[in-house]
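A quick write-up on the structure given underneath.
The values are calculated or read from the model by the stated rules, or taken from the named source; none is laboratory data. From a predicted model like this one, the values you see are computed outputs, not experimental measurements. Here the Cβ positions follow ideal geometry from the backbone for every residue, glycine too, while neighbour counts run over all protein chains shown.
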Amino acid sequence: MDDRNPRRIEDLRAEIATLEESVKGLAHSVVESHPERSLLAFQADWHIRGMLYHFRRLFEHYSAFMHEVSARAGTGASVLIMYAPSFQELLFEFYALVNLCRISLDNLRAFLKPVFTRESQLPKSIRDVLKGETTCPVYHALAGQDLLHYLMDVRNCLVHYRSLATSDNALVLEEGIDATEVVDSGDPFFEAMTRASFRRISERAISVNVYVPDMIFQTDGSGNKKLLRFTYDERWSLLSTARNFTQLAVGSLSLALRCLRDVPNASFQFNARKLGSRPDPPTSAE
């Protein structure tokens, strides 16, 4: 994760359009090459469309929240407690996006089934697949990515440990204000898993950010994970993180569609235990 702050809002709008264009027609190209793989192609395409939909909606709610905060911060206040349904709606979409990204990556095993040998029994979880050894370029691209592990940790946290739930009133602090004092002494429903803040760039310009936690879990020497008290020192932007999650998952599914289109036979292998270095993937899947 190397994006600590979102780019200009206009740049992200263009990135959504570029990502949508990059996957346009992929499912139909699979159908033309291998009609028997049509169902898998259109299912993967549905997941891609869903992730792009949720990110686009998240972007719209983030933009609305940014403008609402800017208008109120313009009065000179440093602590804002404001009615902001857009903040709650932003978190609705982030929750949906995180879950669909993780589900889509888990479902790679189903989408890629025709290009794996019969002996290859892929686990249901993407986490367990990456513990093994495979010749598939889709999984090679995912291996060792810190962003993927953060996505899995966020989803695990939301499902089993912590909710994104918050009221439709948002607490937004000017950067430099001690957030722990304000949050700990106020309504606990304000203590969202994310943290909203703003920074004055000039007399008229205000930068608004919503941050996600630096880390979710800490792993001990025995491999057990412990939920951490969240900190926001790294300033990971929710908007940039959501964009990165979308690019990661959409990119993986688009590569899977290219494999379905370009790899005619069951060519890839998987072994649950790593047995040496990975061989180079077949060039037909590049």
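Restricting Asn224, Asn265, Asn244, Asn209 to residues that are modelled with pLDDT under 85 and polar (S, T, N, Q) narrows the list to Asn224.
The number of residues in segment 121-162 being farther than 16 Å from Phe217 by Cβ, assigned to a loop (DSSP other than H, G, I, E, B) and either touching a Cys at 6+ places or on another chain (Cβ under 9 Å) or of a type outside the set (S, T, N, Q) (or both) comes to 9.
For segment 57-78, the count of residues that are closer than 30 Å to Val263 by Cβ and in contact (Cβ under 8 Å) with a residue 60 or more places away in the chain is zero. So in segment 265-275, with the set limited to residues that are more than 26 Å from the chain's Cα centre (by Cα) and closer than 12 Å to Thr117 by Cα, which one is surrounded by the most Cβ atoms within 10 Å (Cβ to Cβ)? Looking at the filtered set, the residue picked out is Phe268.
Total residues in segment 199-228 satisfying the condition of being aromatic (Phe, Trp, Tyr) and out of contact with any Asp or Glu (no Cβ under 6 Å at 6 or more places or on another chain): the figure is 1. Here segment 11-45 is the region considered, the condition is being of a type in the set (S, T, N, Q) and free of Cβ contacts under 8 Å to residues at least 12 places away in the same chain, and the residue that is farthest from Arg243 (Cα to Cα) is Ser38. Tell me, yes or no, whether segment 104-111 has at least one residue that is without any contact (Cβ under 8 Å) to a residue 24 or more places away in the chain, acidic (Asp, Glu) and touching a helix residue (DSSP H, G or I) at 6+ places or on another chain (Cβ under 7 Å). Yes: one or more hits.
Starting from segment 166-186, take each residue that is small (Gly, Ala, Ser) and assigned to a helix (DSSP H, G or I) and list its partners that are surrounded by 16 or more Cβ atoms within 10 Å (Cβ to Cβ) and modelled with pLDDT of 85 or more, counting only C-beta distances under 7 angstrom and pairs at least six apart or across chains. From segment 166-186, the pairs are Ala179/Leu173; Ala179/Arg195.
Apart from one condition, Ser254 fits all of (1) small (Gly, Ala, Ser); (2) within 21 Å of the chain's Cα centre (by Cα); (3) modelled with pLDDT under 95; the exception is (3). In contact with a Pro (Cβ under 8 Å, 6 or more places away or on another chain), at pLDDT 80 or above and exposed (fewer than 15 other Cβ atoms within 10 Å of the Cβ) - does that describe any residue in segment 184-206? No, segment 184-206 has no match at all. Screening Leu142 with (1) in contact with a helix residue (DSSP H, G or I) (Cβ under 8 Å, 6 or more places away or on another chain); (2) modelled with pLDDT under 85; (3) among the aliphatic types (A, V, I, L, M) gives one miss only, at (2).
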